[in-house]
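Colleague: Mind looking over this structure? Questions follow.
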Ligand SMILES: NC(=O)c1ccc[n+]([C@@H]2O[C@H](COP(=O)([O-])OP(=O)(O)OC[C@H]3O[C@@H](n4cnc5c(N)ncnc54)[C@H](OP(=O)(O)O)[C@@H]3O)[C@@H](O)[C@H]2O)c1
């Protein structure tokens with residue numbers, strides 16, 4: 001199964017998060033993930049592992065065209081020419097000719113240069129550096145502004161999303177604009193949520209784990225999760241999602257959301273990252 005983005009790019013239902021996967025250990029973990037079947041690796045300039053991502057693809061022996069690579073523009077390089085230079089630098093680091101996806105990592109609305117950054121991504125796509133362009137941590141007001149100013153709608157919005165912060169309103173906004181919602185920290189960074197009693201009871205009912213239940217809940221909401229797992233068994237388990245959650249149980253999981261459910265209180269209206 002897959003999703004087709006609003007610009008035609010076909011992406012898998014589940015991707016692989018690479019935050020904290022650095023150096024040779026990181027490469028080994030990513031090779032193992034590719035062998036387990038993942039075909040989308042989510043990186044960022046700020047993870048300092050674009051080189052490891054490129055190395056993992058080459059070591060895996062999987063043809064470049066069969067793997068999607070995503071990276072992200074850091075907040076300190078939102079000015080137009082810096083953004084273009086950074087995308088090129090990202091490619092040099094990865095040893096790749098193009099990225100499949102490139103996202104603005106955070107809108108940083110207090111600095112307020114994200115419209116200029118978006119224009120740079122639009123041009124990077126025209127130059128052939130990037131196949132598909134999207135954003136991360138964008139609220140409706142940020143999305144409306146870039147769409148109205150440039151006429152180009154992002155293909156994807158990567159946001160914090162898990163049962164304790166389910167982002168129903170943002171998901172609806174994204175869907176109504178044909179923007180795929182991608183879930184970062186889908187497992188809440190392995191927080192207390194993975195011991196939640198309601199999730200444990202439901203996982204038992206479906207003869208699965210809490211983690212798999214959460215990833216399936218994402219999929220049934222039309223959201224692409226990008227879980228990170230270092231352990232090969234976990235990597236495989238996170239792709240084994242051949243069950244269906246009934247509507248009532250989806251609602252029960254939806255009901256676990258909390259207004260203050262973010263893992264690190266990073267509200268894109270005020271939180272900025274450089
Ligand atoms: N755009 C943004 O601003 C942003 C922010 C944060 C993250 N991200 C992206 O989202 C990706 C995922 O988020 P994340 O890395 O923060 O956290 P996450 O995927 O929510 O959680 C990762 C944690 O869950 C554990 N885990 C994975 N599978 C498991 C399983 N089957 N059973 C038990 N535990 C399991 C992992 O353990 P082990 O690794 O020890 O196996 C790790 O400790 C990142 O890697 C990054 O690519 C983006």
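Every number here is computed from the coordinates shown, using simple stated rules; none is lab data. Not measured: the values here are computed from a predicted model. Cβ placement follows ideal geometry from the backbone for every residue including glycine, while neighbour counts extend to all protein chains displayed.
Colleague: Considering the range 1-148, what Rg and Dmax in Å follow from its alpha-carbon atoms?
Modeller: 14.9, 44
Colleague: Note down the Stokes-Einstein diffusion coefficient of the range 122-244 in µm²/s, whole number, using a Kirkwood radius over alpha carbon pairs, 25 °C, and 0.890 mPa s.
Modeller: For the chosen part, D equals 155 µm²/s.
Colleague: What length, rounded to one decimal in nm, is gained on full extension from residue 197 through to residue 10, with 0.36 nm per residue of separation minus their alpha-carbon distance?
Modeller: 63.7 nm
Colleague: Assuming a viscosity of 1.002 mPa s and a temperature of 20 °C, what translational diffusion coefficient in µm² per second does Stokes-Einstein assign to the chain, Rh being the Kirkwood radius over Cα pairs?
Modeller: Calculated translational D: 114 µm²/s.
Colleague: Here is a follow-up. How would you rank 101, 251, going from fewest to most other Cβ atoms within 10 Å of each one's own Cβ?
Modeller: Result, fewest neighbours first: 251, 101.
Colleague: Taking the alpha-carbon centroid of each part, what is the distance from the range 97-126 to the range 1-45 in angstrom?
Modeller: About 20 Å separates the Cα centre of the range 97-126 from the one of the range 1-45.
Colleague: Follow-up question, since we're still on this one. log10 I(q)/I(0), Debye, Cα-only the range 232-274, no solvent, q = 0.14, 0.32 Å⁻¹?
Modeller: Reported log10 I(q)/I(0), two decimals: -0.67, -1.04.
Colleague: Right, another one. How much length is gained if the chain between residue 250 and residue 89 is pulled fully straight, taking 0.36 nm per residue apart and subtracting their Cα-Cα distance, in nm to one decimal?
Modeller: That pair, residue 250 and residue 89, stretches by 53.7 nm at full extension.
Colleague: Specify the inter-centroid distance of the range 51-70 and the range 231-257, based on alpha-carbon positions, in whole Å.
Modeller: Distance between centres, Cα-based: 27 Å.
Colleague: Next up: Rg and Dmax of the range 167-232, using alpha carbons, in Å: what are they?
Modeller: Cα only, the range 167-232: 13.0, 37 Å (Rg, Dmax).
Colleague: Over the range 47-110, one equal point on each Cα, no solvent: what is log10 I(q)/I(0) by the Debye formula at q = 0.22, 0.25, 0.29 Å⁻¹?
Modeller: -0.89, -1.08, -1.33
Colleague: Sorted from fewest to most neighbouring beta carbons within 10 Å, what does the list 72, 216 look like?
Modeller: In increasing order of surrounding Cβ atoms, one gets 216, 72.
Colleague: While we're here: Starting from the exponent 0.38 and prefactor 2.2 Å, build the expected Rg for the range 100-182 from its residue count and divide its actual Cα Rg by it.
Modeller: That works out to 1.05 for the range 100-182.
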